[in-house]
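The values are calculated or read from the model by the stated rules, or taken from the named source; none is laboratory data. Quick caveat: nothing in here was measured; it's all calculated off a predicted structure. FYI the Cβ positions are ideal-geometry reconstructions off the backbone, even for glycines, and counts take in every protein chain you see. For the accessible areas, the whole protein counts, side chains as well, though only heavy atoms, and no ligand, DNA or RNA atoms are used. Shrake-Rupley method; radii C 1.70, N 1.55, O 1.52, S 1.80 Å.
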Amino acid sequence: MRKLVLLSLTMIMAGLFWACEKDDASSSYEFSLSTSDQEEVTTWDILVLGGAKSFTLEAPGAWTLKVDYLSGEQGWLTATPTSGKEGVTTLNMSVGKNTSYTEERKATVTITCGSQTKTLTVTQKTQEGIIIEQLEHQLDYRDTVVVVHVAANIGYEYQIVQSGDPWITEATDTESKATMEESDLSFMVAANSRSKDRSATIEFVADNGESVEVVVNQKGRPLSDVEYYATYEGADILGNVQYIQRDAETIDAIFIKSTPSKVQEETHMYNGTGWWYAILDNTDDRHWGSEKYDFSEGTWGMRFKATIAYAELCLRGYGGGAVTATLYAWDTDYKTTVAKNPIMTVPYTGDGSEDWWFYLTDNATHLPAGDYLVLFTGDAGTGIWGTPEESDDIAEGFLNEESTERFISLSYNGVYAEQGSGGFASFVAQDYSNVVWSRSTDGGKSWSAPTGFYSLNMAKFDATYGLLRAKNLVMTQASDGTYYAALSADGENQKIVLASSTAYDEGWAIVADNVVTGVTVSSLIELDGSLYLYYIKNHNVYVATSPVSEINFVEQGLVYEASEWVKNVSVAYDATAKQFVMIYALDDQLYSCASADGIEPFSEGKIIVEEMVHTGVTYVDYITDTYRNVPSSGIWVGYSCGSGAYAMPVF
């Protein structure tokens, strides 16, 4: 019985096997996988964006479908149905977008029917484009560098979209990318000198047209952080302040200030006569001298500050020997001063008495307010009277080049415009106005007290030119080394005159009178052998030019229509951009504009400083070299207001 059962099972299994083989052999269906146009298919390449496709499966028997993922995440390919029976079946397959920029997708679809298989290889390329994770940068007002991290597997370009003057510039070159690469692109961001925030866009465009925008926002500069330095604090500046950078650290600020009209309360003024004395002690006429200082001890000297113009300079001496007096304009210190050409050298011979007066000047000679050094030498047994005195800011004694508290009996008599019936109490000092300079030796951060610019003051003192009350002065150096200064006065003598010198600080003389009349001088520049003289007339800006070889100015006409509230302008030359640049103040904002040749009208003014620290700003000037060239970077300006003059960096 057991053998019969086993034999029956064997016969049944053999019969089943014989039936499957029979079906495969006798079925009218081939085992194939094709597209709609009946072409056999083994591969399917899909676009990056993805897609769907239908395939025709013809099977002679039951079948199953399986997907194997070779790359990419699992499940990115959908195929239905996954099993079926003999006959024709439509297989639907779909793939989504490949969001990867680095990994290609690949899978195999295997269809099994009995011992037969069909394989479809499915491939999807990586996405092409650029990836930038940080799309916005928030910056403070200071200059900085923005780094944009870019990943790209396609070529791309970028452009900086910004309004106004460029403040973002590229610092890294880029090349097209063939494969996914990562780069750090650097962009220089200039400091924001304005108080308003600003924004710009860096637009990246891939070769396939895809674009990505990076936004750069920069805060405005708060007034509390504005850097500025006092050049001179005082309300007696009459006009503009001209800033000249002599070297990397040395800057001179040249301006014209008024001199006091009433000096009766000055501590060095005595006796109600209008005379100034170096010696303060007036007890028993000690300011005339109470001690003898013999020339056998060496060279006696006195540095003094004349706060007003003076007409007589004298001292008291004794003995019968020879005496020589030498007067200098003071410059920085003793050694620097005596290295310059003296103003005058005057010989004298004592009359042998114990009490004679030596006058270096006569009452007809007027010397400007300013700082001076006078030296006396002579024969032994002859000398000058003096008195012990402590130095102060306007008087200091010297003996053999060293400071001493032994003051000589020096005095000067001021120039007074009128005298009433009240004696010295009613004197009014003549205000000739005084050209002075303040100096910074640390790049504009600290400034010396103003010192009289003697040579320019003496040139101005030539009364035939009517410049005793000059207010504005501008200066430049020509390419041949000659210095030129243009001065202007207001009132009935309103005009511009031109002075020149082969040296910066001495030897100045007027070379052209009445260059332009009825105007206020603004700027002076030499370029390619021509002088460009800018001036204000009816609040507008004009220019006149002249060859340096033969001074003869010709008016060229209007170059800028300014607001009636613009007090003055400053013009300089930008050698890098090869253009003339103008700066001016209006409503406590700073504007700049440019002209290609300095004669054609300047462009419309653009705000470069939104809000000034000080109010009531009138005059403003670029800090330039002696040739009036602005630097390519690190630009400073100087400006004036009711409280004085100040310097500040703006770029």
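What the table below lists for this structure:
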quantity: Residue 82/residue 607 FRET efficiency (R0 45 Å; Cβ-Cβ; nearest 0.05); calculated: 0.05
quantity: Relative pair counts by distance (%), Cα atoms of region 25-70, 5 Å bins; calculated: 5, 15, 23, 24, 18, 9, 4, 2, 1
quantity: Relative contact order computed over region 525-651 (Cα-Cα under 8 Å; 6+ residues apart), in percent; calculated: 18
quantity: Accessible area of region 407-543 belonging to carbon and sulfur atoms, whole % at 1.4 Å probe; calculated: 43
quantity: Region 280-350 - charge dipole about Cα centre, Lys and Arg +1 at Cβ, Asp and Glu -1, debye rounded to 20; calculated: 260
quantity: Rounded to whole Hz, the Karplus (6.51, -1.76, 1.60) HN-Hα couplings of region 349-363, x for glycine and proline; calculated: 10, x, 8, x, 8, 8, 7, 10, 10, 10, 9, 6, 10, 9, 5
quantity: Cα Rg, Dmax, region 433-512, angstrom units; calculated: 13.3, 41
quantity: Accessible surface, 1.4 Å probe, highest first, among residues 276, 385; calculated: 385, 276
quantity: Listed values (i) 18; (ii) 28; (iii) 48, entry calculated as percent of Cα pairs over 46 Å apart; calculated: (iii)
quantity: Net lengthening on full extension, residue 248/residue 349 (0.36 nm per residue, minus Cα-Cα); calculated: 31.5 nm
quantity: From phi via Karplus (6.51, -1.76, 1.60), per-residue ³J(HN,Hα) for region 586-600 in Hz, x at Gly/Pro; calculated: 8, 6, 6, 10, 9, 10, 9, 7, 9, 9, 5, 10, x, 10, 5
quantity: Convex hull volume per residue for region 354-488, taking Cα atoms only, in Å³; calculated: 222
quantity: Residue 635 accessible area, assembled protein chains, probe 1.4 Å, Å²; calculated: 20
quantity: Student exercise, region 411-513 dipole from Lys, Arg, Asp, Glu Cβ charges, in Debye to nearest 20; calculated: 220
quantity: Sequence of 584, 454 from largest to smallest accessible area, 1.4 Å probe; calculated: 454, 584
quantity: Long-range HN-HN contacts of residue 527 with modeled amide H, under 5 Å; calculated: 532
quantity: Carbon plus sulfur fraction of accessible area for region 142-278, probe 1.4 Å, in percent; calculated: 44
quantity: Residue 490 versus residue 528: modelled label distance in nm, points set 7 Å from Cα along the beta carbon direction; calculated: 3.7
quantity: Solvent-accessible heavy-atom area per residue, rounded to whole Å², over region 264-333 at 1.4 Å; calculated: 34
quantity: Cα-based helix-to-principal-axis angle, 2-26 vs the chain, degrees rounded to 10; calculated: 60
quantity: Mean shadow area of region 125-258 over all directions, Cα convex hull, nm²; calculated: 11.6
quantity: Helix-only mean residue ellipticity at 222 nm for the chain, each DSSP H run of n ≥ 4 adding -39500 (n - 2.57), per residue, nearest 500; calculated: -2000 deg cm²/dmol
quantity: Cα gyration tensor shape for region 485-551, rounded if a/c is under 1.5, else prolate or oblate; calculated: oblate
quantity: Efficiency of FRET between residue 191 and residue 517 - r from beta-carbon atoms, R0 56 angstrom, step 0.05; calculated: 0.85
quantity: Dipole magnitude of region 461-604, debye to nearest 20 (Cβ charges: Lys/Arg +1, Asp/Glu -1, about Cα centre); calculated: 220
quantity: Hull-based mean projected area of region 554-608, where the convex hull spans the alpha carbons, in square nanometres; calculated: 4.1
quantity: Accessible area in square angstrom per residue, region 426-558, 1.4 angstrom probe; calculated: 36
quantity: Separation of alpha-carbon centers, region 204-264 and region 367-442, rounded to whole Å; calculated: 37
quantity: Ellipsoid equivalent to region 284-406 - semi-axes via the Cα gyration tensor, in Å; calculated: 21, 16, 15
